[in-house]
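S.K.: Can you keep this structure in mind? I'll have questions shortly.
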Amino acid sequence: MGWVLMSERELPRIEVLSCVVEGRLSVARAADLLGLSPRQVQRLLRTFQVEGAPALRHKARGRPSNNRTLPGVRDLALALVRESYADFGPTLAAEKLAERHGLSESRETLRKWMAEDGLWLSCWQRRQFHQPRLRRERLGELVQIDGSEHRWFEERGPACTLLVFIDDATSRLMQMRFVPSESTFSYFEVLEGYLRQHGRPVAFYSDKHSIFRVAKADAASGHGMTQFGRALAELNIEILCANSSQAKGRVERANRRLQDRLVKEMRLKGISTMEAANAFLPGFIARHNGRFARVPARSEDLHRPLADGVDRLRDILCWRDQRYVGQQLTLTYERNRILLEESEVTRGLVGQYVQTYAFPDGRLEVRSQGMSLPYRAIDPDQQRVTPEAITENKRLSAVLFAIQEMQETSAPNVTTVGKQRTRYQPQSNPHKPRKSWMDGRGAQRAAEATLELPAPDQAAE
């Protein structure tokens with residue numbers, strides 16, 4: 001007869017039914033052992049006694065499935081996918097095949113077919129491998145910078161951002177500061193503290209945030225670099241932008257570690273404000289560096305002292321721009337009009353550009369050839385956040401917090417809604433109907449007839 005293939009569920013039935021035939025087991029006991037009803041065991045027992053053990057295997061073994069795919073459907077589906085849906089995933093491709101071609105195959109079946117034919121790679125097969133980058137060899141050669149927005153005070157205070165400067169060669173935390181959000185002035189503040197404490201490094205390594213990099217360097221307008229990049233250029237410091245978060249993994253891993261250790265340290269100290277947290281950071285940085293800092297491969301320190309000392313930092317770490325002076329000695333800055341005081345110097349600036357210096361404390365200076373010009377603002381009101389204002393994602397929390405404070409301190413500005421400017425204004429009197437051409441012609445004839453009638457005295461003679 002040859003070999004008979006049976007499953008693991010069918011093999012125990014032979015032994016149990018053999019015991020029933022020999023009288024060592026009852027039908028009820030055999031039903032309990034096999035997990036079947038007594039009536040089903042009796043049916044199997046009759047089949048076993050008549051046809052033997054091979055009759056206990058499933059009758060559908062070796063027969064094609066009733067739910068099998070029709071021949072040619074697989075080739076047709078793969079041909080359609082290869083022709084029109086080569087970059088589609090199995091789920092979307094299955095939906096389009098059912099919607100446009102009437103092929104109702106499950107997404108898992110189509111996924112298996114596409115994988116076998118090389119049209120689909122699993123997430124495991126599509127994973128990317130980032131080769132590790134060796135550390136720089138000397139302190140100050142490359143400093144990674146990043147901002148980490150997090151609920152640093154948990155429920156004790158609002159969310160804020162921690163700016164982190166970490167050395168690539170040693171993993172030392174060089175400078176940290178809590179700020180409301182990532183902004184140019186926030187980085188200026190942390191950079192000033194870094195320069196005063198350590199000096200000028202060779203280069204900073206950051207992400208592609210708009211603070212560090214101009215998205216379109218060949219744009220017709222603009223200076224070709226950001227304010228932060230302009231400040232670093234004046235300080236003779238290079239700024240490099242990473243193409244992925246894995247490239248600056250040193251600071252990314254530091255952020256993850258700080259979100260665990262620093263949050264818990266501040267919880268134990270009961271710190272709930274940025275002022276208290278910034279005062280706590282120097283001691284935490286010292287303890288952190290003692291625990292996690294490494295010895296560089298080479299002992300040289302590449303930090304350079306400030307070329308002109310710290311006096312020029314005030315004019316470097318600010319927002320500098322140029323504004324055109326009009327015929328009335330006015331210029332526009334942040335949607336406010338500024339009027340320069342008339343003098344021998346300012347009268348010669350009409351039609352020329354002057355330099356504006358906006359400092360982190362809110363002061364604004366207007367200069368020409370290094371000389372500060374006195375001015376006054378025609379519209380001194382602060383600019384209000386409008387619904388059309390463009391807000392970056394990393395500054396959204398700070399902007400919403402400022403809007404909330406503004407709404408709580410000031411009453412809403414209720415204005416009277418007037419008519420639409422493009423609304424039609426009728427020129428004639430709407431209550432007096434306009435005469436037609438026939439009515440006008442009739443009135444003209446009646447007036448002419450009145451002029452031709454003789455006077456009453458002449459008629460009597």
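S.K.: Using a 7 Å offset from the Cα along the Cα-to-Cβ direction at both L364 and R133, what is the distance between the two label points in nm, to one decimal?
M.R.: With each label point 7 Å from Cα toward Cβ, the separation is 3.9 nm.
S.K.: Cβ under 13 Å from A242's Cβ, A242 left aside: what net charge do those residues give with Lys, Arg +1 and Asp, Glu -1?
M.R.: +1
S.K.: Now for a different question. Please compute the alpha carbon radius of gyration of the range 11-56, then divide it by the globular-protein estimate 2.2 N^0.38 Å. Two decimals is fine.
M.R.: Normalised Rg, Cα atoms only: 0.98.
S.K.: Let me ask something else. How would you order 12-20, 45-53 from highest to lowest mean count of nearby Cβ atoms within 10 Å? Show your work: numbers first, answer last.
M.R.: Working: 12-20: 16.7, 45-53: 13.3.
In decreasing order of mean packing, 12-20, 45-53 become 12-20, 45-53.
S.K.: Mark the label point 7 Å from the Cα of K112 along Cα→Cβ and return the residues of the range 59-88 whose backbone N is within less than 18 Å of it.
M.R.: Inside the label zone: 61-79.
S.K.: I want to check the label-to-label distance for R82 and R335. Put each point 7 Å from Cα in the C-beta direction and report it in nm to one decimal.
M.R.: Output for this residue pair reads 5.9 nm.
S.K.: What length, rounded to one decimal in nm, is gained on full extension from V73 through to N236, with 0.36 nm per residue of separation minus their alpha-carbon distance?
M.R.: Full extension of this stretch gives 52.0 nm more.
S.K.: Sticking with this structure for a sec: Given the range 143-292, what percent of its DSSP beta bridges are antiparallel, to the nearest 5?
M.R.: Of those bridges, close to 70 percent are antiparallel.
S.K.: Report the extension gain between Q352 and R294 in nm, rounded to one decimal, defined as 0.36 nm multiplied by the number of residues separating them, less their alpha carbon distance.
M.R.: Length difference between fully extended and current span is 15.4 nm.
S.K.: Quick one: Kirkwood hydrodynamic radius for the range 71-146, alpha-carbon pairs, angstrom, one decimal?
M.R.: Answer for the range 71-146: a Kirkwood hydrodynamic radius of 15.2 Å.
S.K.: Mind jotting down the three principal axis lengths of the range 143-292 based on Cα atoms? Whole angstrom, largest first.
M.R.: On the principal axes, the range 143-292 reaches 53, 31, 30 Å in Cα extent.
S.K.: Okay, next question. What is the local net charge at A98, summed over the other residues whose Cβ is closer than 11 Å to its Cβ (Lys, Arg +1; Asp, Glu -1)?
M.R.: Once all neighbours under 11 Å are counted, the net charge is 0.
S.K.: Also, quick follow-up: At 0.36 nm per residue, minus the direct Cα-Cα distance, what do A307 and L121 gain on full extension? Give it in nm, one decimal, please.
M.R.: Contour length minus Cα-Cα distance gives 61.4 nm.
S.K.: Could you compute how fast the range 211-295 diffuses translationally, taking Rh as the Kirkwood radius over C-alpha pairs and applying Stokes-Einstein at 4 °C with viscosity 1.567 mPa s? Give it in µm² per second.
M.R.: Translational diffusion coefficient: 80 µm²/s.
S.K.: How far apart, in nanometres, would the label points at A377 and L33 be if each is projected 7 angstrom from Cα along the Cα-to-Cβ direction?
M.R.: Output for this residue pair reads 9.5 nm.
Readers should treat all values here as calculations from the given coordinates under stated rules, not as data from a laboratory. Treat the numbers as computed from the prediction; the structure is a model and nothing was measured. Cβ: placed from backbone, ideal geometry, glycine included. Neighbour counts: every protein chain shown.
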